[in-house]
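One structure is given below, encoded as structure tokens.
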Amino acid sequence: MPISEQTRDGHPLALLMGGFTIFEIAELKDALLHALHMAPDTLEIDLSGVEELDTSGVQVLLLLKQEAARLQKSVHYSRHSPAVLAVIDLLNLAGTLGDPVLMPNGS
Amino acid sequence: MARDALVQESRELLAAMENALLEIEAEGVNAEAVNAIFRAAHTIKGSAGLFAFNLIVSFTHIVESVLDRVRNNELTVDDAMLSLLLNCGDYIGALVDAIEHKRENDEPNIARRTELENALNAYLEPPATTVTVTAAEAEESPVEVETGHRVGSDNWHLSLRFLPDVLRNGLDPIPFLHYLAALGRIVYLHTLTDAMPVAELMDAESCYLGFEIDFQTEADRKTIEGVFEFVRDDAHIRILPPHSKIDEYIGLINTMPDPGRLGEILVAGGALTQHELEQVLSEQQEKAIGQKPIGALLVEHQVVPEAVVTAALSRQKQHEDKKAHEQKFIKVEVSKLDALIDLVGELVIAGAAATVVAQRKKDSTFEEASQTISTLVEHIRDAALTLRMVPIGEVFQRFPRVVRDISRELGKEIELVVTGADTELDKSMVEKLSDPLMHIVRNAMDHGIEATDARVVAGKSPGGTLRLNAYHESGSVVIEVSDDGRGLNRERILSKAIERGLVSPDQILTESEIYRLIFEAGFSTAEQVTNLSGRGVGMDVVKKNIESLRGDVEILSVEGQGTTVRIRLPLTLAIIDGFQVMVSDAVFVIPLEMVIECVDLSSHEARHNIVKLRGEPLPFVRLRELFELPLLQHSERESLVVVQYGQQRAGLVVDRLLGEFQAVIKPLGELFQNTKTLSGSTILGDGRVALILDVAHLIQQASHLPTHLPASKTAGLLSNQK
């Protein structure tokens, strides 16, 4: 299972595992949107298990933010894996994705 | 083999190139067409390079260089360049012809080549200093006015917009950005997410992102462009070099739905300073207000993004079309196809033989089996024949260029309208049709359509129209070449014909018979007597060519309004559905499509080879008399087969009707070449030979047979049915 859902600090948490790319994106998009709709106000998405992130993955991360704003909810991304960090850094999206990103030292 | 493939591919590419050039001429420059031309030249050069055909490589290289500049907006396509490129296409065509004839090391025409090369090189001389690359957006950079202001930034600016399908095509923009980053330093990158729709509308596999990048590098433009080589067809890429002119930024900003926003991004990235942005925006405004009415400005603001969308959509569609094309067609050597058709022909004959045996054996299961087989054979026959069918567009596509060139040469304004280009006919005919059509078209333009002032005097639109049309009609293909010119002058044709002794003065001819006279040999060579008199080759050659295809030419004309030349051709040359008849003990086959009905002759009043059929006179021919066959002892009742060709009908009198039969046409030997009433032979199921009647000629013969009748009466007997 690429996603497992649990609760952290009282709000739902989606834990992403493995690839977050075009191959699984249609399924992930639906699952994550569903999770967002189900969440009472805040959804946390743990990215520590993401091994690969491509453009389609980035788009879904952006989409969730946008959708959350529309629903007046919020989405937090946490524990970004190195693969995710590299892409967010390259695309200069740290600001847009709006989450505390831990920049690794010296980079 | 490979050489043939190269020749064929190159010809197709040259045709595509020519079409694109003409499209530009007709509709103005668009990036698609420019790209098509470039691709054609590039591919020809590449393929020729594989075989080391250096003459073509070196020539095409120069053409390609010029095209590359056009593509990069360093050169604009004007009339002179279009003509030059068309001529270069012709010259490449000549080089390809040389390859076909295995004379690839002989320059077809040195002087011509030098002339073209010099003209091309003239375009290449002054290298432009600043350039804007637009892989797909050439039409969107209309900024031509040079203001001289340059921005201070020494960064490159890249503007990338990916098309929705890029991900589905297996390309991910991120690795391209990584690759770019390896060439220098990405000073600033802004990811544009504006295109992202709401969740329900968002397709996770489509790409909605765009990037504005400021980039510092030692690399040159080519290297930067090279990064995006593979994704070039799936993205709009603009690259602005350091210190670009402000105009180019204006061009860039103009392409954005929200100019202010892009401006901010450019400032954030350091591509422009705030001051420069203000300058840009105000200049943009000044220009807009200064040059265009508010209405146009509004339209532009709404239309620009729309154009981008349309461009994206059409590119996407083209991509799909291309894919579909690849799957739809395989190239097969014509000789293989011919071998297949031959075999199918033999199969038809063998099948017919089996049916005959089955009928004789009176074995019902055998008969049933042979029936099934013959049904299948019929399907195979039809399928095999359609393999040879090609759209007539293959011939028509030469004409836009011809019309363009000739109308310039003649100084007339002539518009070409092509319809029915997807009408299919046999491949072998397509090839043989090209020259006669060319001749008719040239004639129509040269002598049919009047000069512009003459048209105006005659109260017509100044520009003439030439129409090419094709359609199917009762088992034949009809091709029409019409012009709206002055029409034929029947008096002059008639007086000339009388003068030449082609008709006697007391003969009374119908209009179509008079027009037919211009096909007579000896008529066309006359100096410009008729409006259709020829250039070198006459209309008689046209007629001969068409007749060699078992076709027929007809002319319709209204004086002062125009002329239509109508060519009627059989659908195929190989196999026909025939109707078997028997005269004496010989079997004849009449093409079934031409048979209208069969009636019993004895019950009708017949005199002087004219029979009264339902109150209408119908000329007929007795095949027994025509072929001088003996009258058999047991005199049967004669039957009349009514046949129609074009709009004329006639009757053929035969002894017995045998029914339908698939006939594989075998050509007659040379001895019979002059026998006009027969068009071929076929082998019957029982191994006997049957002759196929040439109905077109028989009808003519039927209407002219009774020579003792006054000509007027004969002519009147050609009943016009439609």
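Coordinate-derived values only; no laboratory data. All values reported here derive from a predicted model rather than from experimental measurement. Cβ coordinates were reconstructed from backbone atoms using ideal geometry, including for glycine residues, and neighbour counts include every protein chain displayed.
Summary table below
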read-out	value
Residue-wise HN-Hα coupling along the range B:339-351, computed from phi with Karplus coefficients 6.51, -1.76, 1.60 (Hz; x: Gly, Pro)	4, 4, 4, 4, 4, 4, x, 4, 4, 4, 5, 4, x
Convex hull volume per residue for the range B:334-388, taking Cα atoms only, in Å³	48
Of all DSSP beta bridges in the range A:3-97, antiparallel share, percent nearest 5	35
Peptide B:187-200 - average C-beta neighbours from other chains (10 Å radius)	4
Cross-link table B:336/B:432; B:45/B:427; B:543/B:666; B:544/B:612, entries beyond 26 Å C-alpha to C-alpha	B:45/B:427; B:544/B:612
Paramagnetic reach from residue B:686 (point 7 Å along Cα→Cβ, amide N under 13 Å) across the range B:586-610	B:586-588
Approximate shape of the range A:3-97 as ellipsoid semi-axes (Cα gyration tensor, √5λ), whole Å, largest first	19, 14, 13
Rg/Rg_globular for the range B:2-124, with Rg_globular taken as 2.2 N^0.38 Å and Rg from C-alpha atoms	0.99
Sorted by Cβ density within 10 Å, fewest first, the residues B:59, B:672, B:399	B:672, B:399, B:59
Point-to-point label distance, residue B:87-residue B:657, nm (Cα→Cβ direction, 7 Å offset)	6.5
Using θ = phi - 60° and Karplus 6.51 cos²θ - 1.76 cosθ + 1.60, couplings along the range B:89-96 (whole Hz; Gly, Pro as x)	x, 4, 5, 4, x, 5, 5, 5
Rough spin-label spacing in nm, given labels placed 7 Å along Cα→Cβ, for residue B:410 and residue B:428	3.4
Using a Förster distance of 41 Å, the FRET efficiency for residue B:584-residue B:364 (Cβ separation, nearest 0.05)	0.80
Cα-based Rg of the range B:337-456 normalised by 2.2 N^0.38 Å, two decimals	1.78
Zone of residue B:117's modelled label, taken as backbone nitrogen in the range B:85-107 under 20 Å from a point 7 Å along Cα→Cβ	B:85-99, B:103-107
Packing-based ranking, highest mean first, of B:437-444, B:604-611, B:61-68 given that Cβ atoms within 10 Å are counted	B:437-444, B:61-68, B:604-611
Peptide A:67-79, shielding by other chains (average Cβ, 10 Å cutoff)	1
Förster radius 22 Å - calculated FRET efficiency between residue B:376 and residue B:342 (Cβ-Cβ, nearest 0.05)	0.75
Test item: A:17-26 mean partner chain Cβ contacts at 10 Å	2
Least to most buried among A:54, B:363, B:506, B:483 (fewest other Cβ within 10 Å first)	B:506, B:363, A:54, B:483
Sites residue B:387 and residue B:421, calculated FRET efficiency, Cβ-Cβ separation with R0 22 Å, nearest 0.05	0.65
